[in-house]
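The structure under discussion appears below in the form of structure tokens.
The values are calculated or read from the model by the stated rules, or taken from the named source; none is laboratory data. Predicted model, so just to flag it, every value in this text is computed and none were measured. Using ideal geometry, Cβ is built from the backbone for each residue, glycine included, and neighbour counts are taken over all protein chains shown.
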Amino acid sequence: MKIEDNKKPNFPPLFRGKSLPLKTTTFSKAIEEAKKNIDPGLIIYNEDFGELNASLILAPDIKLKEALGMVLVNQMGVADSLGSLGPPELAIHFNWPNRIKVNGANCGYTFYKAATKLEEEIPEWLVIGINIPFLWSKSTESGRLPEETVLFEEGCSEITPISLLESWSRHTLVWLNRFLDEGLLPVHNAWCEKCENIGKKISYPKNGDFIGLDENGNMLLKKSNDITIEKLIDYMDK
């Protein structure tokens, strides 16, 4: 595994960074900072070489039901950054609402929380983030979890948490700008191409036939002859 020294990440314009100590989860700290009405664009990240845990604070000016499309933006940022840094054969896919899959196995997740849970409100802040494992933890031996993987096991030994953090910030900003300029549709289409189980029977997060996404990125789930909507808003901070 390639380990970098104390190199500080370079972020694209409008983004800036704040580091936290090893093994520190950034999500709660980002929410704490967001509640202080700080300027959006702050990325809080940990300094662990065994995983990347990072949270980005945003301030949407659209209703929450639309703003949660940024959950898909975040995942596309992950896919494009891993695609640009990893080996050519690396396969990156998603399971709605938050699982990242690399070469068919779970390899981290995304997370999100907004200042409100009311769909028609404009949230004062929205935190989106990622947790991507690079190495197995000391308590988990390689191969013990057949449905789980880490980047090192998938030929990504040249990727470091800092290089992925920088790439994720750039690619996420590209998709974020596209979302703000063109709406969710292009993000929606790209995300669906990366989704592993659209059109299939699923058991996560609910049982049924996953038939697609609605215009806001919510899951359309068929059970018997009924189609239900699993909403992104119901999976915040899960």
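Within the stretch 105-123, the set of residues being assigned to a loop (DSSP other than H, G, I, E, B) and buried (at least 20 other Cβ atoms within 10 Å of the Cβ) comprises PRO123 only. Residues that are under 20 Å from TRP136 (Cα atoms) and either surrounded by fewer than 20 Cβ atoms within 10 Å (Cβ to Cβ) or touching a Phe, Trp or Tyr at 6+ places or on another chain (Cβ under 8 Å) (or both) within the stretch 65-84 comprise just one, VAL78.
Among the candidates ILE43, ILE62, single out the residue that is in contact with a helix residue (DSSP H, G or I) (Cβ under 7 Å, 6 or more places away or on another chain), within 25 Å of TRP191 (Cα to Cα), of a type in the set (Val, Ile, Thr) and surrounded by fewer than 24 Cβ atoms within 10 Å (Cβ to Cβ).
On the way: ILE62 fails: in contact with a helix residue (DSSP H, G or I) (Cβ under 7 Å, 6 or more places away or on another chain).
One residue alone meets the criteria, ILE43.
Against the criterion of being surrounded by 22 or more Cβ atoms within 10 Å (Cβ to Cβ) and touching a residue at least 12 places away in the same chain (Cβ under 8 Å), LEU126 qualifies. Within the stretch 64-104, being assigned to a loop (DSSP other than H, G, I, E, B) and not charged (D, E, K, R) holds for LEU68, GLY69, GLY86, PRO87, PRO88, LEU90, ALA91, TRP96, PRO97, ASN98, ASN103, GLY104.
Does PRO21 qualify as being free of Cβ contacts under 8 Å to residues at least 60 places away in the same chain, farther than 30 Å from ASP214 by Cβ and surrounded by fewer than 19 Cβ atoms within 10 Å (Cβ to Cβ)? Taking the combined requirement at face value, the residue satisfies it. Scanning the stretch 32-43 for residues that are closer than 22 Å to PRO13 by Cα and in contact (Cβ under 8 Å) with a residue 60 or more places away in the chain yields ALA34, ASN37, PRO40, ILE43. Among the numbered conditions (1) of a type in the set (A, V, I, L, M, F, W, C); (2) within 22 Å of ALA105 (Cα to Cα); (3) surrounded by 14 or more Cβ atoms within 10 Å (Cβ to Cβ), the only one that LEU213 does not meet is (2). Applying the criterion of being basic (Lys, Arg) and assigned to a helix (DSSP H, G or I) to the residues of the stretch 158-200, the residue that is farthest from PRO60 (Cα to Cα) is LYS194. Among the candidates ILE162, ILE227, ILE233, ILE211, the residue that is farther than 20 Å from LEU64 by Cβ, under 20 Å from the mean Cα position of the chain (by Cα) and modelled with pLDDT of 95 or more is uniquely ILE162. Under the condition of being surrounded by 12 or more Cβ atoms within 10 Å (Cβ to Cβ) and free of Cβ contacts under 8 Å to residues at least 60 places away in the same chain, which residue from the stretch 216-227 is farthest from ARG99 (Cα to Cα)? Result: ILE227.
Tell me, which residue of the stretch 47-63 that is under 18 Å from LYS7 (Cα atoms) and not in a loop (DSSP other than H, G, I, E, B) is farthest from the chain's Cα centre (by Cα)?
Looking at residues that are under 18 Å from LYS7 (Cα atoms) and not in a loop (DSSP other than H, G, I, E, B), I get GLU51.
Would you pick out the residues in the stretch 13-46 that are closer than 18 Å to SER163 by Cα, within 18 Å of the chain's Cα centre (by Cα) and assigned to a loop (DSSP other than H, G, I, E, B)? If the condition is that a residue be closer than 18 Å to SER163 by Cα, within 18 Å of the chain's Cα centre (by Cα) and assigned to a loop (DSSP other than H, G, I, E, B), then PHE15 is the only one that fits.
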